Structure formats: C-alpha cells, structure tokens
Amino acid sequence: MTTEVEPWTPPSGRNAQLQAAGRWWDVVRAPRFIGKRALELLGDDVGAVIENPFDGVLYWLIPLGAAAEWDMSRLPHLQVWGATAYIEVPSVDCRRGPGVRWRVPPRDRCLTDPAALHGALRTATREALGPREGAAR
C-alpha cells in the first residue's frame, strides 16, 4: 500500500510557523544586500520568497537537493539549508511586518528554479563583493 504525501502549502491563520527544511523543499538563505539584487535579476522567474527583517535575510524555497552541486565558495554569505534546519514561515497572507513575511507571496508556484536562482545569486554576489579569486565570470 502506497501512502501519498500531501503537497506543501504555507500556514494559514495569523501566525508564522517553524517548519523543517528538507521535507518539502530546501532553503537558500541570502543577506538582504545580495538578495534584493537577485530578486531584480530573477524578475517574474521567482517562486515565493520569505523575508526576515530582524535578521536582514531573504529565503528562497527550492526543490530538495537542487543545490547539492553548487560551489558555495563562490557564494560567500549564502547558505543552503536542508534536513537539519528549521525556518519561520509566515502565514499565507502575511506580506507586512513587523516580523517574518512574504517578500514575494506564494502564487502558482512556491519553488524557485534553482538554476535561475544560482545564476542570479552569483551575479548579485559578484556585483556586491567583486569577483572571487578563481571564479568563472
């Protein structure tokens, strides 16, 4: 007998919930100074993005294991979180602070294409910090 896994949906209600990465999605965490530029570069090719104004970070949800091959040495200040991490996920309608909120609300898709995100984050990082030694341009 096969048990079908329910698709993920953001929490309903008024409060954010602590949710495990690595179950439905992995998380890419970027500081706001890099993340804002990556959002501009992605344009409409972005899934849902969570903003935590207290920590000054943006979180993208990506498919499980999709960033396993990323060279993180070329992406300083960024982190990919999987099964060992939890993030605070805002309720589906939370688009304003003061706390965690959707910078880009969930629409027809919650996940961002990892290849497009990787390219946008590399460009945003290079623009913010300059080229990394040995980094391909």
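The values are calculated or read from the model by the stated rules, or taken from the named source; none is laboratory data. Computed from a predicted model, the values in this text were never measured in an experiment. Cβ coordinates were reconstructed from backbone atoms using ideal geometry, including for glycine residues, and neighbour counts include every protein chain displayed.
Structure above, values below:
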| item | result |
| --- | --- |
| Top-ranked residue in the stretch 66-87 [being assigned to a loop (DSSP other than H, G, I, E, B) and not small (Gly, Ala, Ser); ranked as farthest from Val46 (Cα to Cα)] | Thr84 |
| The stretch 9-46, residues that are buried (at least 17 other Cβ atoms within 10 Å of the Cβ) and basic (Lys, Arg) | Arg29, Arg37 |
| Filter result for the condition that a residue is closer than 23 Å to Gln17 by Cβ and in contact with a helix residue (DSSP H, G or I) (Cβ under 6 Å, 6 or more places away or on another chain), over Gly82, Gly47, Gly99, Gly56 | Gly56 |
| Looking only at the stretch 25-50, and only at residues there that are in a loop (DSSP other than H, G, I, E, B) and not β-branched (Val, Ile, Thr), the one that is farthest from Leu111 (Cα to Cα) | Gly43 |
| Of all residues making up the stretch 94-121, the number that are farther than 17 Å from Val46 by Cβ and exposed (fewer than 15 other Cβ atoms within 10 Å of the Cβ) | 4 |
| Looking only at the stretch 88-123, and only at residues there that are in a loop (DSSP other than H, G, I, E, B) and polar (S, T, N, Q), the one that is modelled with the highest pLDDT | Thr112 |
| In the stretch 60-84, the residues that are surrounded by 15 or more Cβ atoms within 10 Å (Cβ to Cβ) and either closer than 10 Å to Asp26 by Cα or touching a Cys at 6+ places or on another chain (Cβ under 8 Å) (or both) | Trp60, Leu61, Ile62, Leu64, Ala66, Ala67, Val80, Trp81, Gly82 |
